[in-house]
Each structure stands twice: as C-alpha cells, then as structure tokens.
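The values are calculated or read from the model by the stated rules, or taken from the named source; none is laboratory data. For clarity, every value in this text was computed on a predicted model and none was experimentally measured. Cβ placement follows ideal geometry from the backbone for every residue including glycine, while neighbour counts extend to all protein chains displayed. Note: areas computed on protein heavy atoms with side chains; ligands, DNA, RNA excluded. Shrake-Rupley method; radii C 1.70, N 1.55, O 1.52, S 1.80 Å.
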Amino acid sequence: MTTLPARLLAPPPGWTTYADVVVVGSGIAGLTAALQAREVGSVMVVTKDILSAGSTQWAQGGIAAALGPGDTPEQHLRDTLVAGAGLCDEDAVRALVTEGPDAVRELIALGTQFDHTAAGELSLTREGGHLRDRIAHAGGDATGAEIQRALVAAVEAAPDIEVIEHALVIDLVPGADGGVAGVTLHVMGEGQRDGVGAVHCRAVVLASGGLGQVYSATTNPSVATGDGMALALRAGAVLRDLEFVQFHPTVMWLGPDSTGQQPLISEAVRGEGAFLVDDAGVRFMTGQHELADLAPRDVVAKAIMRRMHETGRPHMWLDARHFGAAKWESRFPTILATCRSHGIDPVQELVPVAPACHYASGGVATDLSGQSSVPGLFACGEVACSGVHGANRLASNSLLEGLVFSRRIALRLHEGLPPRQDPVDDPRASGLVDGGARRELQDVMTERGGVLRSRDGLAFGALELAACGTDEGRDPGVDAWETTNLLTVGTALLGAAAMREETRGSHWRDDFPDRDDESWARHIDVRLVDGELALDPGVRHVQVATDSGGSR
C-alpha cells in the first residue's frame, strides 16, 4: 500500500494571525457557519478562490424540504432512508428533515429569492427518489447561484467576519493537548498576507467541499480536490464511507477526450417530464424501477452504464423536446444556454448524457454537532460524513445538509468554544507528490474506481496510484499540494471500495453484484497511521426504519 505524507511539504509560515473560529470554504455550509458563529467570537473565512466560487453556485435542481401541502418531515425521512440503502444514521436524517424547513425559511429571510407560483406560493418540484414535490428552486435552474448570492451579500455586510480569498489551507496546526491549534495556509497573490502563513484559533470548521477532481470527468469545479478530507486524515481524523461516490446519471457528454468539469443536466429536468432513450429511441428505464426515469441516481446511473455496455455506445440520450421553447426558457434557462453553447439545442434535439462523478457521500466522520474525532475540528457539507446520506445521497439533500449541520456546529460553539491550545512543533513526516502526476491519477481513478468496480480493477488501481506517488515533488506549490491531496483521498477511496465486497447504493461491484446486509451493513472507517492507511469495517449498522434495498 502507498505510504502517504503525514503532512504536506511546505515552507515555514512567514506570518501569523488569530481568529477564534476559522471556517475553511465559502459555500452554503461555510458561509452559514460563519454567519451563525460570529456571535461566539471572531470568525475568519478562508476560501480557495473568491467567495462566490465552489460547488454551491453550480447546484441547479434546488434544496429539498417538507414545505409543501401534505408533505411532512416523516415522508422526507423515509425517502432519504430508502435512497441511503440501509446505511443512513436515522438520528442525523431526522435532524435534517425536521430542522430543514425552518432553515430554508431563514434563507428566505436572509434574502434568497426562490421561485413562486402565480398564486404566490413557493414553487416546488420533484426529483429522483422523492415521492413528493419538495424541491424549492430559484431562477428556474440557478438555485445554488441565488443561495450563494444571498449568503455572500450577508457575509460582506458583516464587518466582524474576516475573509481571506485565494488561499489554500495546507494542514492543521497540532495543539499541545492533542487537538487543533490552527491552520497553515498559502495565500496566492501579493498583499499584507501572501505566501505561507498560519492562523491560530480555537476551532476549525471544514466546509471545503468534495473530491470530484480525483476523477477525469466530474460536475465539480476545479477547486474540489479533496483538500479538507486529506488534511483531516493527516491530522488523525476518521474518514467514513469514502467508497460511496455518487455519479450523476445525466452529465452532458462532450466527447471521449473531454476532461475536468462537465455540464450537469439537472435531475429536475427529468422531474419535469424528460426521459432517457438509447440510440434506437427505446425508453430503457421503463420496467427497471417503479419510478422509471425518476429512480434514485444510483439506479439510473447503473441502468445507463448497462445500456452503454450492451450497445457499445459512449452515451445515452435525454429527450426533453416536448417541453417546447417557452418551458425551456422559463424553467431551465441556464441548462438551455449551456447546451446551446456546446452546439446542442434541447428544444429540437436529444441531449447526449453519461454518468460522471458528482458527489461524495462520505467524508470526515462527525457527530450530530459536526464534531470530528479530533478535538476542535468540525466539518459540514460535502467534506463531512454526517450520516445523512448513507450509501447514496437523495437528490437535493446536499444543500439542506450543509445548511442544517452548519447551524448545528454554531449551536455547539455557542455552548462554549474549545480551549485555546498552544501550537507545538509538528513531528509528522512531510512529503509531496509531483503535480505532473495529476492526469494519470485521475485516469486511474476513473478506470479502476469509477461507476463499475471489481477486485482486480481496484487492486491494479491501488498499484497504479502507488506508482504515481513515487514521483516526489520537490517544489512546494498549489499544484503539488492539490495533487498530493488527490492521491491521499484516491488511495483511501480505492481501499474502502476494495474492502466492501457487495453492491450497495452508489458502490457497484461487478464481482459482488448483490447487497449483503449480513456482512456489510456497516461503515468503513479510514485512518492514517504513520503514513499507512488503516481501514476498519466497524460494527454492524442497524437501521430501524425499513428500506427497499436502495433500489427505489
């Protein structure tokens, strides 16, 4: 197995400052945490790009909450548990669905402008796995951008929140008592604070997003390089459920050589009546599942992959021509513009689609207050594993999770900040992978640890990643730091995927095609011990509420 760096090779900090709470990331989770935590002390937001960058702004479909007539948190809970295929933490899901409606109302009070019906009611739609119309959206298909706009405006209007943009957090600063004493970071650019520095603090809130760039094709932006998961792992935190990576079934196919961030065709398009067909025009989701084209994402992604293998085609097709121009322009203006920018007019043509990496259901293991296994280190949003998503995230639950659990972290901090710790010298062995290994690493992850997985493929993938890791980087910098983080989370992901010898939720093993509750109704935890990964399948997980095997 690959020996991974226990900390990143970096120059010593050239400057130091202090904040009571450091929030890493500026999406819905990070900005909500910052706004809620400023009442307990000084807050600093550190973000890798500008405040408005990150995954939240790309969210098209909406945010799920039981806000409509006849809908209840209990119904939302059931749909979430079913999609999670037996591995959801029911207490976490209950917190999500019961606190979610008020949290969304707070977003509205903050200035978020959701779409409304002609009668003035909140406009709600449906996505895969939901049995009710409960997805609130904004600007048709620009929900994330509108939520981000409102949160950024609120943070910019808060003089007690300091923001450092264009800053990559490198590692956590260890404290004398074993917890967190701060973070080291690299600020890109020139100014009062540039280069490598340190921010000492009493609490760190990771809200840095996911790991999508570990694959060659993803819906995630370029900043999603798994930095938060990797630095938490290096600091001794437990990562959980890393094998459960959701591949969105309908990502626009741009050709065999297209890499990086790919255009998402929101599930809400199918929620409004679009459907999948193969080259012969056959609606292949009919008969596959009771919800057909609106089945949970893992079901649809697997069905598309099967059809692609059967037909030898690199993609399937999404048919929404029956919407007409007016509906496309009013309900999905962003997607319409994106399709047309790539030479496809969905008003008149089929849209080529194929699955691509979309969301990491696993991450830094936390309790219901967002506390990780490292004192003073909290996590929320996609970087975290709160227990909400289980083996497969239900559509539009991600924005809600970031919103609800960031508020829960703030409530925990209101009870008392962790004691300030004195920084100590970091004895961990440092290392670095050359940034030039990134493309090879991404290709390995896509080929060996993508939608379709097997024992041999995962074993070969681990060896290939180990080979990538032998090309040591000697020049610390953003590219090398990000690539090392990608290697770290990729290696952990393949290890967990190899250990889980079953098919469940978004984890699909060709050699173990069935779900095995007797052996694998459990979480896999990953730790980094002296540079080596330690994987622990943990105790058997028992979900009280029934589910249908994750097939709905």
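Data for the structure
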{"read-out": "Residue in the stretch 75-85 that is over 21 Å from GLY381 (Cβ atoms) and open to solvent by 50 Å² or more (accessible area, probe 1.4 Å) present", "value": "yes"}
{"read-out": "Residues of the stretch 474-511 satisfying the condition of being open to solvent by 10 Å² or more (accessible area, probe 1.4 Å) and in contact with a Ser or Thr (Cβ under 6 Å, 6 or more places away or on another chain)", "value": "GLU482, THR491, ASP510, ASP511"}
{"read-out": "Selected residue [more than 14 Å from HIS315 (Cβ to Cβ), without any contact (Cβ under 8 Å) to a residue 12 or more places away in the chain and surrounded by fewer than 21 Cβ atoms within 10 Å (Cβ to Cβ)] from GLY255, GLY281", "value": "GLY281"}
{"read-out": "Condition met for ALA153 (open to solvent by 10 Å² or more (accessible area, probe 1.4 Å), hydrophobic (A, V, I, L, M, F, W, C) and outside any strand (DSSP E or B))", "value": "yes"}
{"read-out": "Test: residue in the stretch 476-489 that is touching a residue at least 24 places away in the same chain (Cβ under 8 Å) and in a loop (DSSP other than H, G, I, E, B)", "value": "yes"}
{"read-out": "Filter pass, THR98 being open to solvent by 60 Å² or more (accessible area, probe 1.4 Å) and hydroxyl-bearing (Ser, Thr, Tyr)", "value": "yes"}
{"read-out": "The stretch 104-115 residues that are on the phi > 0 side of the Ramachandran plot and open to solvent by 90 Å² or more (accessible area, probe 1.4 Å), paired with ones that are of a type in the set (Ser, Thr, Tyr) and modelled with pLDDT of 95 or more (beta carbon under 9 Å, 6 or more apart)", "value": "none"}
{"read-out": "Positions within the stretch 10-39 being under 27 Å from the mean Cα position of the chain (by Cα) and hydroxyl-bearing (Ser, Thr, Tyr), in sequence order", "value": "SER26, THR32"}
{"read-out": "Qualifying residue in the stretch 383-390 (condition: touching a Leu at 6+ places or on another chain (Cβ under 9 Å), closer than 30 Å to MET308 by Cα and modelled with pLDDT of 95 or more)", "value": "yes"}
{"read-out": "Contacts under 7 angstrom Cβ, first residue in the stretch 47-62 being under 17 Å from HIS248 (Cβ atoms) and in contact (Cβ under 8 Å) with a residue 60 or more places away in the chain, partner surrounded by 20 or more Cβ atoms within 10 Å (Cβ to Cβ) and among the acidic types (Asp, Glu), 6 or more apart", "value": "SER55/GLU382; GLN60/ASP141; GLY61/GLU127; GLY61/GLU267"}
{"read-out": "Conditions (1) at pLDDT 95 or above; (2) within 22 Å of SER266 (Cβ to Cβ): number failed by GLU99", "value": "(2)"}
